[in-house]
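Taking it in order: structure first as structure tokens, then the write-up.
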Amino acid sequence: MSLREIAARTETTHALLRYHFGSLPGVLAAMLKEQRSRDNEALVETARHSTFDDFVVAIWQTYSRPEQLSRVRGFFHVVGLAAYSPEDFREFIDSLDDLTRILASLAEREGLDTGEALTTASVTTAALRGLLLQEVLTPGANSEDAIALILRMSRGRSVPRT
């Protein structure tokens with residue numbers, strides 16, 4: 001999608017979008033941040049009444065729906081751009097840990113100490129994003145089996161280490 005197409009759909013001008021956001025990637029980053037913020041508001045509500053595992057499933061179901069595929073592609077596009085120019089995408093990058101923080105708080109609520117909860121949440125978020133990337137590149141690649149594995153692994157998270 002071009003800057004002009006976005007401007008037409010949002011009933012503004014491409015010049016105004018360029019002025020406020022700098023470029024097409026800037027517009028995409030702002031749009032994704034806003035959309036993710038809205039999704040996360042609904043997910044936060046879900047988290048209040050969820051277990052860690054329930055919330056992992058809710059995240060997966062939210063982002064893996066077929067109608068979300070173009071947004072997921074846009075997400076990875078902007079992440080790739082941010083990898084090359086993080087200073088241009090600071091606000092977007094800073095928003096990436098929202099779900100990780102929620103997952104960590106659920107893991108703590110279920111008895112993990114702060115450090116282990118954050119590690120568990122970070123690994124889970126990374127796995128979910130990896131599965132979403134796999135879904136973009138190879139649709140229908142048995143991601144449900146991988147989600148089940150993440151849940152089995154998370155159930156063992158509070159087992160004392162030897």
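This model, with +1 at the C-beta of Lys and Arg and -1 at the C-beta of Asp and Glu, gives the range 23-155 a dipole about its Cα centre of some 260 debye. Rounded, prolate or oblate, given the Cα gyration tensor of the range 64-111, with a/c below 1.5 counting as rounded? Note, shape of the range 64-111 comes out oblate. Across the range 1-44, the residues whose backbone nitrogen lies under 15 Å from the label position 7 Å along the beta-carbon direction of ARG73 are 1-2.
Using alpha carbons only, how many degrees (0 to 90, rounded to 10) separate the axis of helix 69-84 from the longest principal axis of the chain? It works out to around 80 degrees. Extending 7 Å from the Cα toward the beta-carbon at both GLU87 and ARG109 defines two label points whose distance is 4.1 nm. Which value at 222 nm does the chain reach when only helices count, each DSSP H run of 4 or more adding -39,500 (n - 2.57), with the total divided by all residues and rounded to the nearest 500 deg cm²/dmol? -24000 deg cm²/dmol, from helical runs alone.
Note on the range 15-77: along the principal axes its Cα atoms extend 46, 22, 15 Å, ordered by decreasing extent.
Spread over its residues, the convex hull of the C-alpha atoms of the chain is 130 Å³ per residue.
Reported to the nearest whole Å, the Cα centre-to-centre distance from the range 21-36 to the range 99-127 is 28. The long axis of helix 98-109 is offset from the longest Cα principal axis of the chain by roughly 20 degrees. Considering only MET153, GLN61, PRO139, and ranking their Cα positions along the charge dipole of the range 23-155 that arises from unit charges at the beta-carbon of Lys, Arg, Asp and Glu, the one farthest toward the positive end is PRO139.
Just so you know, all these numbers are worked out from the coordinates, no wet-lab data involved. Computed from a predicted structure; not experimentally measured. Every residue, glycine among them, receives a Cβ derived from its backbone with ideal geometry; neighbour counts consider all protein chains shown.
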